[in-house]
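Please read the structure below before turning to the comments.
Taken together, the values in this text are just the output of simple stated rules run on the coordinates, not laboratory data. What you see is a predicted model, and the numbers here were worked out from it, not measured in a lab. Note: ideal-geometry Cβ built from the backbone for every residue, glycine included; neighbour counts use all protein chains shown.
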Amino acid sequence: SKNGVIGNGPDIPWSAKGEQLLFKAITYNQWLLVGRKTFESMGALPNRKYAVVTRSSFTSDKE
């Protein structure tokens, strides 16, 4: 972004359909390494595997 922001709390500060489609294509059937808060805000996307980084114990019923 022009101001260097890549995230704004739980929201993405822009909307670009092409970018979302690219993310879907690149991550489909792949491992995603995400922080706990990111995982909790976006939820588990279908056909992806997650490694969640956190300082505390974390379990999820989301697959």
Gain upon complete extension [N3, E40; 0.36 nm per residue less C-alpha separation]: 10.7 nm
Nonlocal amide H pairs with Y50, under 5 Å, H built at 1.01 Å: L32
query: Where does the charge balance sit around G9 when Lys and Arg score +1, Asp and Glu -1, over other residues with C-beta under 13 Å from its C-beta?
result: -1
Likely footprinting exposure, L32, L21, L45, fewest C-beta neighbours within 10 Å first: L21, L45, L32
